[in-house]
Amino acid sequence: RHSFPTRRSSDLARAEIEQAASRAGALLAMRGVHWWAEVRDGALHYRDAMGAHILPLPALHGAHQADNAALAVAMLRHQTQLAIPEAAIAEGIAKARWPARLQQLGPGPLTAMLPGRRVLVDGGHNPDAAEAVARALADQAPVALVFGLMANRPLAPVLAPLATLASAVHA
């Protein structure tokens, strides 16, 4: 059972967010206030003032993807421009694909060079993405890491969350 952390801002930050939404004429729907979501019993349990729904977990790898899906559900359910059936939301979550985000490579030249090994590719290039990848791979450590980063990106904050999982790093 996994509960998403409730993202409560400080009172000052929350007031700023509320004022910005008001100035923009935007609806404000905050997690833990206007909607709730958690992973339980192999499904995404979502609820808001309009009702509760049990939705499939994303096919995407990593627990953070359920968090992302919950946010997308909240956005769709709180907007008023388009009527989106629950079945369409469920299908969208189940069929979502995001190439190079913890994508497992299938048979091919690279995987043929690494028989018996699982090869994942992720294009994350900032500290938040690296932390999400590290959380997703934590139960599979140690891993061999092939790592590359553009020269204009800070290396240490991106590599640090992954380095603790690595048995070897190839740059």
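Structure notes:
- Residue match in segment 150-170 (condition: over 27 Å from L27 (Cα atoms), open to solvent by 70 Å² or more (accessible area, probe 1.4 Å), in contact with a Phe, Trp or Tyr (Cβ under 8 Å, 6 or more places away or on another chain) and modelled with pLDDT under 95): yes
- Residue within segment 34-53 that is more than 29 Å from E131 (Cα to Cα), open to solvent by 70 Å² or more (accessible area, probe 1.4 Å) and not in a loop (DSSP other than H, G, I, E, B) present: yes
- Only a single item in (1) open to solvent by 70 Å² or more (accessible area, probe 1.4 Å); (2) within 30 Å of A156 (Cα to Cα); (3) acidic (D, E) is not met by D67, and it is number (1).
- Segment 94-112 residues that are within 26 Å of G42 (Cβ to Cβ), paired with ones that are open to solvent by 60 Å² or more (accessible area, probe 1.4 Å) and not hydroxyl-bearing (S, T, Y) (beta carbon under 8 Å, 6 or more apart): A94/A59; K95/A59; A96/A59; R97/A59; Q104/R118
- Boolean, A90 is more than 28 Å from A37 (Cα to Cα) and either free of Cβ contacts under 8 Å to residues at least 40 places away in the same chain or not β-branched (V, I, T) (or both): no
- Considering residues of segment 87-142 that are part of a loop (DSSP other than H, G, I, E, B), within 14 Å of L162 (Cβ to Cβ) and not small (G, A, S) only, the residue most open to solvent (accessible area, probe 1.4 Å): P142
- Within segment 57-80, the set of residues being at pLDDT 90 or above and outside any helix (DSSP H, G or I) comprises L57, P58, Q79.
The values are calculated or read from the model by the stated rules, or taken from the named source; none is laboratory data. Every value quoted in this text rests on a predicted model; they were computed, and no experiment measured them. Please note: Cβ atoms are built from the backbone with ideal geometry, for glycine as well, and neighbour counts cover all protein chains shown. Surface areas here come from the heavy atoms of the whole protein model, side chains and all, with no ligands, DNA or RNA. Shrake-Rupley method; radii C 1.70, N 1.55, O 1.52, S 1.80 Å.
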